[in-house]
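Participant: What follows is a structure written as structure tokens; I'll ask about it next.
The values are calculated or read from the model by the stated rules, or taken from the named source; none is laboratory data. The shown structure was predicted, so the numbers you read here are calculated from the model rather than taken from an experiment. Reconstructed Cβ throughout: ideal geometry from the backbone, glycine too, with neighbour counts over all protein chains shown. Keep in mind that these areas ignore ligands, DNA and RNA; they rest on the heavy atoms of the full protein, side chains included. Shrake-Rupley method; radii C 1.70, N 1.55, O 1.52, S 1.80 Å.
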Amino acid sequence: MKLNLKYNLFGVLFVVTTSAFAPANNTFTTAEQQQISIATPDLFSRSNAISIDLGILNDNEYSFPLPVGKAEVTDNRQALNIKTKEGDVVKAMFAGVVRLSRNVNGYGNVIVIRHDNGLETVYANNAQNLVKVGQKVSAGRSIAIVGSEGGKTYCKFSIMVNGGYINPETVLEVRSHKLRKQTLLCTKNGRYVDVAVKDGSKANTNKKSKKNDIDPENPFENANTFKLNLADMEKEQWAYPLPGSHVISPYGGARHHSGVDIKTKPNDNILAAFDGVVTMSGPFSGYGNCIRIKHKYGFETLYSHQSKNFVKPGDRVKAGQVIGLTGRTGRATTEHLHFEVFFQGRRMNPAVVFDHANKSLQQVTLTLSKNGSVKSERNYYARK
């Protein structure tokens, strides 16, 4: 899935350093051989962000785990159940080294393969494992015999980054079994890793912008700063993400809160703040059901703890579109929306953009810098 991004406002361009992560080796600690979910050593040792380019893989460098199976997303979009017939053989998705091959309580016989690109794949509910820890495998290699449980024969398949599960639909197309030819942007955020999709093709890649033109995808092509007057935005170009709500936890403070918590009634409509493209939709660690949307000029918004998401990666959304319902999934003690704003991959206080008390945009002009800094200046007049 390559996204051809054109928006009316806001879109993030992550500042990502390609990982210097070494290829997978065949030496693993006891914990790595015992635990399915565990951090990958040195994955973020040289940078807090890595890119995983799936578009460079040839056809023989990828295999769907059960080519003739029927897959369905399960476990809050953290896994696939791939149904097939008894005796079918499970295949390795990419080349890599077997990190774990053992029976795990509640999962049956499990195999975890660590790949050179930084991903790990998990194959559970196997009747028999055919590979051992430390063994190198190629894409398409037979690694297990599929198992049966409750009268159904299936492989439970998952994908991880640094020990955290990601939505498998970010990597592959469930119905067609095809690999999504795109680049994943993985950014370490404390104990968690944010995974987004990088746009693989820009409309202006092979042409120069005129000096006075502003490219909405790259407003810094001809300058290091760009001024954005929020008062100039039309009403249909923005929306407060949760109208009729009130803030129960602000940004920053003693908790070093990464966003703002906004509360209203359970299962209330959550609105997209601006036009954009969904880069992630699914469970993400303590965030629970999470949505990330890429907007124009280098901005991105995040919405979490939803009881239900209505959008999927690659969907184009309009400002004010209902994208989910408020909930308390993940680490949440009450139904609410956790809302974050980013510029050039850096978190910023959502109150710089939104007036939470009035549920409106701030009447300010933002000076956006190529290096990711944002300065706000109050307008002397407000647009009527």
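Participant: Which count do you get for residues in segment 36-58 that are of a type in the set (D, E, K, R) and either surrounded by 13 or more Cβ atoms within 10 Å (Cβ to Cβ) or closer than 16 Å to residue 187 by Cβ (or both)?
Facilitator: Looking only at that region, the number is 2.
Participant: Shifting gears a bit: When you look at residue 286, is it touching a Gly at 6+ places or on another chain (Cβ under 8 Å), outside any loop (DSSP other than H, G, I, E, B), among the small types (Gly, Ala, Ser) and modelled with pLDDT under 95, yes or no?
Facilitator: So residue 286 fits the description; yes.
Participant: Within segment 88-105, identify whether any single residue is surrounded by 20 or more Cβ atoms within 10 Å (Cβ to Cβ) and aromatic (Phe, Trp, Tyr), and answer yes or no.
Facilitator: yes
Participant: Among the residues of segment 245-265 satisfying the criterion of being surrounded by fewer than 22 Cβ atoms within 10 Å (Cβ to Cβ) and either touching a Lys or Arg at 6+ places or on another chain (Cβ under 8 Å) or β-branched (Val, Ile, Thr) (or both), which is modelled with the lowest pLDDT? Step through it out loud before you land on a result.
Facilitator: Applying the first criterion (surrounded by fewer than 22 Cβ atoms within 10 Å (Cβ to Cβ)) to segment 245-265 yields 245-250, 252-258, 261, 263-265.
Now drop any that are not either touching a Lys or Arg at 6+ places or on another chain (Cβ under 8 Å) or β-branched (Val, Ile, Thr) (or both), which leaves 245-249, 258, 264.
Details: 245: 94, 246: 94, 247: 94, 248: 94, 249: 91, 258: 88, 264: 92.
Residue satisfying both the conditions and the ranking: 258.
Participant: A further question on this structure: Identify all residues within segment 59-86 that are open to solvent by 50 Å² or more (accessible area, probe 1.4 Å) and in a loop (DSSP other than H, G, I, E, B); write none if there are none.
Facilitator: Initial filter on segment 59-86 (open to solvent by 50 Å² or more (accessible area, probe 1.4 Å)): 59-61, 67-68, 70, 72, 75-78, 83, 85-86.
67, 68, 75, 76, 77, 78, 85, 86 - these are the residues of segment 59-86 that are open to solvent by 50 Å² or more (accessible area, probe 1.4 Å) and in a loop (DSSP other than H, G, I, E, B).
Participant: Now, a different point. Can you list the strands (runs of 3 or more DSSP E) lying wholly within segment 130-196 that have 3 or more residues being in contact (Cβ under 8 Å) with a residue 24 or more places away in the chain, open to solvent by less than 10 Å² (accessible area, probe 1.4 Å) and within 25 Å of residue 55 (Cβ to Cβ)?
Facilitator: Per the criteria, 152-161, 183-189.
Participant: I would also like to ask the following. Consider residue 305 against the criteria (1) part of a strand (DSSP E or B); (2) within 15 Å of residue 341 (Cβ to Cβ); (3) more than 12 Å from the chain's Cα centre (by Cα): it satisfies all of them except one. Which criterion is unmet?
Facilitator: All conditions pass for residue 305, except number (2).
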